[in-house]
Amino acid sequence: MIRFDGVTKSYNGILAINDLSLALNAGQTVALIGPSGCGKSTLLSLLVGLISPDRGAVTIDGTTLTASSALRLRRRMGYVIQDGGLFPHLTARENVVIMARELGWPADRRRDRLEVLRALTRLSPDTLDRYPVELSGGQRQRVSLMRALMLDPDIVVLDEPLGALDPMIRADLQDDLKAIFLALRRTVLLVTHDLAEAAFLGDRIVLMNRGRIEQDGDFQELLERPASAFVEQFVKAQDRRFVGPR
Amino acid sequence: MRRYLVCVLGVAACLVLFATGGLAANDELRIGSKKFTESVILADIAVDLGRAEGGRVVHRQELGGTRILWDALLAGTIDLYPEYTGTLINEILAGEAIANEAELTAALARRGIRMSRSLGFSDTYALAVLPGTADRLKIARISDLVAHPTLRLGFSNEFLNRADGWPALRDAYGLPAHTPTGLDHDLAYRALADGSIDVIDVYTTDAEIASYGLRILDDDRRHFPVYDAVFLYRADLFERRPDLVRAILRLEGRIDVPAMIAMNAAVRNDRRSETAVAAAFVERQFGLLITGEGDSVAVRVWQRTLEHLTLTLISLSAAIVVALPLGIIAAYRPRVGRLILGVVSVIQTIPSLALLVFMIPVLGIGAPTAIVALFLYSLLPIVRNTATGLSGITPPIRDAAIALGLTSWRRLIRVELPMASPSILAGIKTAAIINIGTATLGALIGAGGYGQPILTGIRLDNFALILEGAVPAALMALAAEGLFDLAGLYMIPRGLRLKRSIRD
């Protein structure tokens, strides 16, 4: 279980997260959504420990995230970012196994795990020997996902994983992600700015605005019982894309 | 990781090789010379006499000016060098008001230094005119000048300004009507020959006195101090190798003024090497046949290549070892980084000659001093490129490495340094190329290398000799460039060298 308790974070005097509390249950897939600058990516950075809160605490299964506990907690999390964040000097395979090697996994264990993940992410075997510059955007995200899942983490954190992809590849990967989330049953926290994607992938949608949570519920609730004028506006703005002008 | 280890071990092996081969042994007689022809010839003669006696003798030629040679002798970096009594009395020991040779010997003895008797000639200031002028105006003595106030005087700037130069001469002879022009010593001869001036100052053994057929005016009031040529040597040398000292002191009283002028002229006008001129003199005077050792161009160039590589490799390796961590600190601790880069940049702005001279009192002359200077100059490009390369890593990559759970040390080793390697390697390459060029200045303080023939070539106006140093130095710089490009193929990860091949 992940808890944010009264978390506040500001950059250069601008409040990015404002006294926010949120709890995620194990096995849940939660989509964080909201306009640019609403603080959704900042929340992920806080969870991974890339930044620390000004006030409040982030707790994972009862352990508070601090400078000293961060290293251990990170190894229980997989993290995927928009353009993959793959290391350009390593092949796809080397990127995926980097932590397993650091932790001294024997070669056959690494190979077995790699094969499981390759099948799961539906990558062709020859892709793994290429360098990131030799991969397409979709392939890079699949490799990045393999790297995030390599140590079999309890928590998977994805920051706009499909944001840079074109619609066809994006739809394809959405299907695969959904299948993978269902198969693995891990706690997933996914940031997206696309309501349809949030609705498709998330069991639960958390809509953020100006560092606060506007509404926390499922897609149906957002449509039918918007908690504020902002939620109504946000849903309407996104909704128009599917149904066209009325 | 393994490939870095291979490279480091390779460089280390080269270093040991060059360090053992390149640095001087201790059981040898080291003779120094100043940066002018006469000093080099006298030292070469001493070398020949010492070798004929069976000694291991090295000549550390053209170390620089008086101060450098004197300090080197006191420090024991050299054992013997040619000097002039006037220089000792008026410059080196000027504070002690030495009146005669006995006092001079005593003053030297207090410092553990001994002095030979005069080698037979005095190299002092004199005034010279063209023979035509002398005959026409009937001038033979300096005091004759008083009667000819219209004569145009052209003096070297040093002579004009020295206390014992023009001001003292003017007072001694009462020459108030003359206002001399200051000009470069080498130009003075040409100006005299083409008639734009009438009287110049010369050294009594200048080769040009012979080549222009100049008439020396008699110093009839004995104004100019005596600058007898002598050898200075360390007292402990005499205890160590009395045989060698005695052999060299056979030169006392053997060179007269015309003989010295002839030898200077043979080098400066006939383009013969000092070594050859010295050998010819020793053969004539002492019947010793000197066979030149290591005389072929190939052997000389090879020897200097080893010296040059020693300077460059040791200083560059040390710079890499020091600059890499500094660059890493500069990248991750911006405030300390600014300080580091500031200090390293300031070092870079110190003129190389000044830096070399500053370090002589501390480290003496020779390769170690040059290596320290080259080391200092190599720091900036490596520190800066390391810091730039590391700072250039984008936040997403940095975040991804942190989020994976890599410790900061493992992030540096596995991700950040490999990604910065193209920049770091480029910095090392720049440092190496600057280093190879700057190392030629090492010859000024006796570090050897390609600078030696360049220095001699400039002094003798010998273009071929300059090329003998400049061409290999340029080739070595090119080779370094090529070598680093090859090293790039090996050390820079392939993924960073590929161009983006897929677009979507």
Problem - Boolean, residue B:320 is of a type in the set (Val, Ile, Thr), open to solvent by less than 70 Å² (accessible area, probe 1.4 Å) and either outside the structural domain of residue B:464 (by TED's automatic domain parsing) or modelled with pLDDT under 90 (or both) - result: no
Handout entry: Out of A:147, A:110, A:142, sole residue that is of a type in the set (D, E, K, R), within 8 Å of another protein chain (Cβ to nearest Cβ) and touching a helix residue (DSSP H, G or I) at 6+ places or on another chain (Cβ under 7 Å)
Key = A:147
Practice task
Show the residue pairs that are 6+ apart or on different chains and have beta-carbon atoms under 8 Å apart, the first residue being within segment B:238-253 and surrounded by 14 or more Cβ atoms within 10 Å (Cβ to Cβ), the second being of a type in the set (Val, Ile, Thr).
Solution key: B:238/B:245; B:244/B:57; B:251/B:45
Practice task
Restricting attention to segment B:55-81, report how many residues are over 11 Å from residue B:28 (Cα atoms), of a type in the set (Gly, Ala, Ser) and surrounded by fewer than 21 Cβ atoms within 10 Å (Cβ to Cβ).
Solution key: 3
Practice task
Of the numbered conditions (1) in a helix (DSSP H, G or I); (2) among the aliphatic types (A, V, I, L, M); (3) without any contact (Cβ under 8 Å) to a residue 60 or more places away in the chain; (4) in contact with a Lys or Arg (Cβ under 9 Å, 6 or more places away or on another chain), residue B:354 fails exactly one; give the number of that condition.
Solution key: (4)
Problem - Residue count for segment A:40-54, restricted to those that are open to solvent by 10 Å² or more (accessible area, probe 1.4 Å), more than 13 Å from chain B (Cβ to nearest Cβ) and out of contact with any Asp or Glu (no Cβ under 9 Å at 6 or more places or on another chain) - result: 2
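Conditions tested, residue by residue: (1) open to solvent by less than 30 Å² (accessible area, probe 1.4 Å); (2) assigned by TED's automatic domain parsing to the domain that holds residue A:178.
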residue	(1), (2)
A:56	no, yes
A:69	yes, yes
A:93	no, no
A:102	no, no
A:122	no, no
A:135	yes, no
A:139	no, no
A:158	yes, yes
A:162	yes, yes
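Each row is one residue, and each column tells you yes or no for (1) farther than 16 Å from residue A:32 by Cα; (2) out of contact with any strand residue (DSSP E or B) (no Cβ under 9 Å at 6 or more places or on another chain).
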residue	(1), (2)
A:157	no, no
A:164	yes, yes
A:170	yes, yes
A:184	yes, no
A:191	no, no
A:204	no, no
A:233	yes, yes
A:236	yes, yes
Exercise for the section: Count, please, the residues in segment B:378-398 that happen to be open to solvent by 20 Å² or more (accessible area, probe 1.4 Å), of a type in the set (Ser, Thr, Tyr) and assigned to a helix (DSSP H, G or I). Expected result: 2
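Quick one: would you say residue B:197 is in contact with a strand residue (DSSP E or B) (Cβ under 7 Å, 6 or more places away or on another chain) and in contact (Cβ under 8 Å) with a residue 60 or more places away in the chain?
Numbers: in contact with a strand residue (DSSP E or B) (Cβ under 7 Å, 6 or more places away or on another chain): yes; in contact (Cβ under 8 Å) with a residue 60 or more places away in the chain: no.
Spelling it out, it is not the case that residue B:197 is in contact with a strand residue (DSSP E or B) (Cβ under 7 Å, 6 or more places away or on another chain) and in contact (Cβ under 8 Å) with a residue 60 or more places away in the chain.
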Practice task
Kindly indicate which of A:205, A:169, A:213 is modelled with pLDDT under 90, in the same structural domain as residue A:43 (by TED's automatic domain parsing) and among the β-branched types (Val, Ile, Thr).
Solution key: A:169
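Sort out which residues of segment A:169-190 are touching a Gly at 6+ places or on another chain (Cβ under 9 Å), surrounded by 16 or more Cβ atoms within 10 Å (Cβ to Cβ) and touching a residue at least 60 places away in the same chain (Cβ under 8 Å), and write them in order of number. Write out each step before concluding.
Residues of segment A:169-190 touching a Gly at 6+ places or on another chain (Cβ under 9 Å): A:169-170, A:172-173, A:185-188, A:190.
Filter once more, so that each one left must be surrounded by 16 or more Cβ atoms within 10 Å (Cβ to Cβ): A:169-170, A:173, A:186-188, A:190.
Listed by number, the residues that qualify are A:186, A:187, A:188, A:190.
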Fill in the blank from the handout: When restricted to B:464, B:439, B:447, the only residue open to solvent by 30 Å² or more (accessible area, probe 1.4 Å) and closer than 30 Å to residue B:37 by Cβ is B:464
Practice task
Within segment A:82-100, identify whether any single residue is touching a strand residue (DSSP E or B) at 6+ places or on another chain (Cβ under 6 Å) and without any contact (Cβ under 8 Å) to a residue 24 or more places away in the chain, and answer yes or no.
Solution key: no
Handout entry: Residue match in segment B:196-203 (condition: open to solvent by less than 10 Å² (accessible area, probe 1.4 Å), in contact with a Leu (Cβ under 6 Å, 6 or more places away or on another chain) and β-branched (Val, Ile, Thr))
Key = yes
Problem - Number of the exception - residue B:139 against (1) outside the structural domain of residue B:36 (by TED's automatic domain parsing); (2) surrounded by 15 or more Cβ atoms within 10 Å (Cβ to Cβ); (3) at pLDDT 85 or above; (4) not in a loop (DSSP other than H, G, I, E, B) - result: (4)
Fill in the blank from the handout: If we keep only residues of segment B:357-371 that are among the small types (Gly, Ala, Ser) and in a helix (DSSP H, G or I), then the residue surrounded by the fewest Cβ atoms within 10 Å (Cβ to Cβ) is B:367
Problem - Among (1) touching a Lys or Arg at 6+ places or on another chain (Cβ under 9 Å); (2) not in a helix (DSSP H, G or I), the one test that residue A:66 misses - result: (1)
Fill in the blank from the handout: Note on segment B:27-47: residues more than 18 Å from the chain's Cα centre (by Cα) and surrounded by fewer than 23 Cβ atoms within 10 Å (Cβ to Cβ) are B:27, B:28
Fill in the blank from the handout: The one condition residue A:98 fails out of (1) part of a loop (DSSP other than H, G, I, E, B); (2) within 14 Å of chain B (Cβ to nearest Cβ) is (1)
Practice task
Kindly check whether there is at least one residue in segment B:477-499 that is open to solvent by less than 10 Å² (accessible area, probe 1.4 Å), within 14 Å of chain A (Cβ to nearest Cβ) and without any contact (Cβ under 8 Å) to a residue 12 or more places away in the chain.
Solution key: yes
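The values are calculated or read from the model by the stated rules, or taken from the named source; none is laboratory data. Keep in mind the model is a prediction, meaning the values are calculated, not measured. Backbone-built Cβ (ideal geometry, glycine too); neighbour counts: all protein chains shown. Surface areas here come from the heavy atoms of the whole protein model, side chains and all, with no ligands, DNA or RNA. Shrake-Rupley method; radii C 1.70, N 1.55, O 1.52, S 1.80 Å.
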